[in-house]
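Here's the structure, in structure tokens; my notes come after.
Values in this text are rule-based calculations from the coordinates and carry no lab data. Fair warning: this is a prediction, and the values are worked out from it, not measured in the lab. Cβ coordinates were reconstructed from backbone atoms using ideal geometry, including for glycine residues, and neighbour counts include every protein chain displayed.
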DNA sequence: CTTTTAAATAAACACCATTTAATAATAGTT
DNA sequence: AACTATTATTAAATGGTGTTTATTTAAAAG
């Protein structure tokens, strides 16, 4: 009934974010609810709506924090490598490991559908962009190519690693258990980089192989 | 109140599946609810639970149908190509197009978390396995490799295409709009296949490049 | 024609996100 | 010190959700 000053607004905000993250880690983000978060921090739902506009905003805040954590481990990974190809490998390793260690929070980044448009979506793009840039830097060290091609390459390759991470942590048994995410990403990256390094005229081929071309019967 | 024989059990089942699919296409699978489906087919919720054990089962049925549709368009795509590399391209094109045309149903396949374990999950794996096999067939035609390597290659490459498809239909603006999914997948596949075709000793390199190796400072 | 059985419903339960109005405690002002 | 305004907090209400229950209705079986 209206006690005040126990915790500041930003303290409650922080407590709520941490409590929510704990719930998500344990029960999956499907199991997240305003009531659970509120009772976990010793408040009622109303107080949550005093701090966050709605659950959507809380989730976006958590996703932002998770993306920051992911970026941090990615940056840290680069201290363990020298050669560019080795660094790309290292980035993929920690990417997949992060997804495996925090599957629910990681999935929430990409699966949660924001119904609250045009708020902080731009921040998201920047945080993801940073991740691509780490890859771009390695690719630049690996082969001299125009910037647009580096951008294309980093996104193509990293979306690929992303897909492997998804399949690795999928609850459905899409993959017979034999193949690990690391095996898959190592293979994908090695083959890809082999092509990337050796094929100077690859862009030409790419265009030439457009699907409108008639092949002989 | 209890009129009988208007529709058979399997008719209701079919009507429910189609109604649910329509709702998902329009509102996203977050907007799916038992009550909406029931009222769409002119019944009450109870009747749905007379036909399906729960919403989970209905969703899994829909996912199965969607996977069948996806397989069908993939198989059909192979009639438009001759060369293996061109066929892989074609498969990727229709995969990404399918995801773009049915984003909600497609996402539901991979994002819905089944809480109802051990039911028909095996069926899922088979339906996904079929998709990989289409790719495997093309890779076999492209380079003579042991079966395990073909399996690894198909899964690595296709998880990659899958990741691109995900990012392409993501609601968040992860990617600056310039790059299309087709550009990305074309690039990924071309680079990958260049590596795949040319590097006979690639497996050796892969192992040799394990992250335990010390590189010179 | 009565009994059994199956189909369908209405209503209930326990949740959920979000909004509303009410209340309690503080801060500012006289 | 008393009064007001403001802010923090809650309880309760609204309308939604999945799922279960008991109940009714219609058809089939005897």
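Placing a label point 7 Å from the Cα of residue B:10 along the Cα-to-Cβ direction, the distances to the matching points in the other copies come to 6.5 nm, shortest first. Ranked by how many other Cβ atoms sit within 10 Å of their own Cβ, fewest first, the residues A:27, A:136 fall in the order A:27, A:136.
Applying 1/(1 + (r/R0)^6) with R0 = 51 Å to the Cβ-Cβ distance of residue A:53 and residue B:75 gives a FRET efficiency near 0.60.
Rounded, prolate or oblate: pick one for the protein assembly as shown, where a ≥ b ≥ c are the square roots of the eigenvalues of its C-alpha gyration tensor, a/c under 1.5 means rounded, and failing that, prolate if a/b is larger than b/c, else oblate. It is oblate, given that a/c is not under 1.5 and a/b is not larger than b/c. Shown for residue B:197: label points 7 Å from Cα along the beta-carbon vector, and their distances to the equivalent points in the other copies, 2.0 nm in ascending order. Picking from A:104, A:187, A:162, which is most flexible by a Gaussian network model of chain A using Cα springs under 10 Å? In this elastic network of chain A, the residue with the biggest mean-square fluctuation among A:104, A:187, A:162 is A:187.
For a test of the definition: using alpha carbon positions, the gyration tensor, and the 1.5 limit on a/c, classify segment A:98-171 as rounded, prolate or oblate.
Taking the square roots of the gyration eigenvalues as a ≥ b ≥ c, segment A:98-171 is oblate.
Taking the longest Cα principal axis of chain B as reference, the axis of helix B:181-198 is set at about 40 degrees.
Output the relative contact order of segment B:62-168, whole-number percent, from Cα pairs under 8 angstrom with separation of 6+ residues.
That works out to 34 percent.
Only helical runs count toward this figure. For chain A, summing -39,500 (n - 2.57) over DSSP H runs of n ≥ 4 and dividing by all residues gives -23000 deg cm²/dmol at 222 nm.
First check a/c for chain A, with a ≥ b ≥ c the square roots of the eigenvalues of its C-alpha gyration tensor; if it is under 1.5, answer rounded, and if not, answer prolate when a/b is larger than b/c or oblate otherwise.
It is prolate, given that a/c is not under 1.5 and a/b is the larger ratio.
Footprinting exposure proxy ranking of A:133, B:21, B:122, fewest other C-beta atoms within 10 angstrom first, gives B:122, A:133, B:21.
Per-residue extension of 0.36 nm, minus the Cα-Cα distance of residue A:183 and residue A:120, leaves a gain of 19.1 nm for this segment. Compute the helix-to-body angle for A:84-101: its Cα long axis versus the longest principal axis of chain A, expressed 0 to 90° and rounded to tens. Computed tilt is about 30 degrees. For chain B, the longest principal axis of the Cα atoms and the long axis of helix B:55-77 meet at an angle of about 50 degrees. From least to most packed, judged by other beta carbons within 10 angstrom and beginning with the fewest, B:158, B:106 follow the order B:106, B:158. Paramagnetic label reach from residue A:6 (point 7 Å along Cα→Cβ; backbone nitrogen cut-off under 14 Å): within segment A:17-55, residues A:38-48. Position residue B:122: other-copy label points at 5.4 nm, ordered by increasing distance, label point 7 Å along Cα→C-beta. Model label sites at residue A:143 and residue A:130, defined 7 Å from Cα along the beta-carbon direction, differ in position by 2.9 nm.
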